[in-house]
Amino acid sequence: DTGVSQDPRHKITKRGQNVTFRCDPISEHNRLYWYRQTLGQGPEFLTYFQNEAQLEKSRLLSDRFSAERPKGSFSTLEIQRTEQGDSAMYLCASSLSTGFSGANVLTFGAGSRLTVL
Amino acid sequence: AQKITQTQPGMFVQEKEAVTLDCTYDTSDQSYGLFWYKQPSSGEMIFLIYQGSYDEQNATEGRYSLNFQKARKSANLVISASQLGDSAMYFCAMREGPGTGGFKTIFGAGTRLFVKA
């Protein structure tokens with residue numbers, strides 16, 4: 001297993017354009033998370049999936065952000081009409097969880113860095 | 001509301017000495033998990049140690065130990081015999097439990113550790 005893969009690693013775009021990030025989790029992991037991290041800060045939760053179901057989305061998340069996980073495998077995070085404030089590292093993580101208990105340790109990808117000009 | 005607080009933006013430690021990184025948390029859940037992750041300058045988040053809220057003994061993983069004081073809602077990380085490679089950002093995190101209706105993991109703002117030779 002090659003771990004959690006994210007693509008692209010870097011994206012530079014102009015304000016107003018749409019961007020899409022892809023995350024391939026560890027194959028046996030059923031949960032997938034998206035976080036946003038700005039310089040010097042901790043990861044900020046955006047949304048997470050259990051299998052193909054999106055179970056929670058941050059209330060702070062603009063409607064310009066949408067995420068999907070078709071068939072419970074890879075996931076995409078799309079940002080429409082990007083703004084300069086969207087510039088950040090977008091982190092994907094996956095975990096294996098079978099119920100209410102357990103550690104649910106997150107395995108992170110290397111991230112996708114977005115720069116909006 | 002669930003919250004993680006790390007009050008030390010930066011810490012210095014002499015090589016081979018021990019260091020404690022502080023973390024306090026707030027949750028209404030009875031069942032939750034506490035984690036520490038390391039983020040080196042390369043950027044990828046690395047899981048270090050986990051403590052479940054019902055675990056009676058403090059977690060240990062090699063040179064890392066988690067000083068869990070449930071009544072005080074603190075989960076400090078102790079790194080013994082610091083090494084130069086320990087220089088990194090360290091994040092305390094909490095996995096919510098069923099009481100809040102979700103299983104997302106939230107992160108603190110982090111502490112940057114500098115190990116001096």
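No lab work stands behind these numbers, since they all come straight from the coordinates. Computed from a predicted model, the values in this text were never measured in an experiment. Using ideal geometry, Cβ is built from the backbone for each residue, glycine included, and neighbour counts are taken over all protein chains shown.
General remarks:
- Listed residues A:Gln17, A:Gln80, A:Gln41, most fluctuating in chain A (Gaussian network, C-alpha, under 10 Å): A:Gln41
- When you work out D = kT/(6 pi eta Rh) for the stretch A:8-61 at 20 °C and 1.002 mPa s, using the Kirkwood radius from C-alpha pairs as Rh and the Stokes-Einstein form, the result is 162 µm²/s.
- Across A:Lys14/B:Lys3; B:Lys3/B:Lys104; B:Lys73/B:Lys104; A:Lys71/B:Lys38; B:Lys38/B:Lys116, pairs whose alpha-carbon gap is larger than 23 Å: A:Lys14/B:Lys3; A:Lys71/B:Lys38
- Counts of other chain beta carbons within 10 angstrom of each beta carbon in peptide B:105-113 average 4.
- Note on chain A: Rg/Rh from Cα positions, Kirkwood definition for Rh, rounded to two decimals, is 0.96.
- Using alpha carbons only, the radius of gyration of the protein assembly as shown set against its Kirkwood radius gives Rg/Rh = 0.97.
- Averaging 1/r over each pair of different alpha-carbon atoms in chain B and inverting the result gives 14.3 Å, the Kirkwood hydrodynamic radius.
- Counting Cβ atoms of other protein chains within 10 Å of each Cβ in A:40-48 and taking the mean gives 5.
- Those aspartates and glutamates that a straight Cα-Cα span of less than 14 Å connects to B:Lys16, excepting residues fewer than 8 apart in one chain: B:Asp86
- Ratio of the Cα radius of gyration of the stretch B:68-117 to 2.2 N^0.38 Å, where N counts its residues: 1.48
- Computed from label points 7 Å out along Cα-Cβ, the spacing between A:Arg15 and B:Lys116 is 4.4 nm.
- Counting only DSSP beta bridges whose two residues both lie in the protein assembly as shown, roughly 90 percent are antiparallel.
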